[in-house]
Amino acid sequence: MALTGSQTEKNLQEAFAGESQANRKYLAFAKKAEQEGFKQVAKLFRAAAEAETVHAHAHLRALAGIRSTKENLQEAIAGETHEFKQMYPAMVAKAKAEGIKQAEISFDYANQVEKIHAALYENALANLGKNKEADYYVCPVCGYTVEEKAPNTCPICQTLGSKFIKIS
C-alpha cells in the first residue's frame, strides 16, 4: 500500500508537527525552570525534548522527508521563501489590525529573519561541496542569523552582539 495520500501519511505529518512543537515547548519550559532554580525539572524537560526530537525524526524518515543535502537545501529555500513572502506578512497585518503588538513584533522579527535564512541556504547551495567552513551567530531575541561573526548590535532588534549564540 502506498503512503502518498493515505491516512497514515496524514497521521505521520500530524505526529511530526506535534512532536516538533513539543520539543520546542519543552525547551522553553526548561529555560524557565532553570531561571526559577528548578534544575532537576529543567533537566527533565530537556530529556523529554530530546525524546520528542527522536520521535519527530522517526516520523520524518517514515515520510521519506529527508533527501539529499542539495534537495534538503532546495526545500529549505522554498519553505523560508514562502514564510517571508506569504505567511508572515499576512500574520503581521492581522496582528496589527487586531492591535496585538507582541504578536506583531514576533511575526515581524521572524519575517525579517526568514529572508536571511533563505539567502544563507541559497549561498550554501551555491557553494555545496566547496568545503567552506564558518561559524554562525544567532540573536537570542529575534533569531537574526549571520555567518562569520556577530554584529555589534542586531540590525533587527538592537540586541548586543555579545549576547548572540555561536553555532559551530
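The values are calculated or read from the model by the stated rules, or taken from the named source; none is laboratory data. Keep in mind the model is a prediction, meaning the values are calculated, not measured. Note: ideal-geometry Cβ built from the backbone for every residue, glycine included; neighbour counts use all protein chains shown.
What the table below lists for this structure:
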read-out	value
Residue among Lys101, Lys130 that alone is at pLDDT 95 or above and basic (Lys, Arg)	Lys101
Qualifying positions in the stretch 56-78 - in a helix (DSSP H, G or I) and touching a helix residue (DSSP H, G or I) at 6+ places or on another chain (Cβ under 8 Å)	Ala56, His59, Leu60, Ala62, Lys70, Leu73, Gln74, Ala76, Ile77
Among the residues listed as Thr81, Thr53, the single one being surrounded by 14 or more Cβ atoms within 10 Å (Cβ to Cβ), assigned by TED's automatic domain parsing to the domain that holds Asn127, touching a residue at least 12 places away in the same chain (Cβ under 8 Å) and in a helix (DSSP H, G or I)	Thr81
Evaluation of Lys32 against (1) under 25 Å from Cys157 (Cα atoms); (2) in contact with a Leu (Cβ under 9 Å, 6 or more places away or on another chain); (3) of a type outside the set (Asp, Glu); (4) loosely packed, with under 15 Cβ neighbours inside 10 Å (one fails), failing number	(2)
Count of the stretch 105-148 residues which are without any contact (Cβ under 8 Å) to a residue 12 or more places away in the chain, among the small types (Gly, Ala, Ser) and under 20 Å from Leu160 (Cα atoms)	1
Selection from the stretch 83-136 of residues that are more than 22 Å from Ser168 (Cβ to Cβ) and of a type in the set (Lys, Arg)	Lys85, Lys94, Lys96, Lys101, Lys115
Close pairs from the stretch 3-22: first in the same structural domain as Glu52 (by TED's automatic domain parsing), partner surrounded by fewer than 13 Cβ atoms within 10 Å (Cβ to Cβ) and not in a loop (DSSP other than H, G, I, E, B), Cβ under 9 Å, at least 6 apart	Glu19/Val54
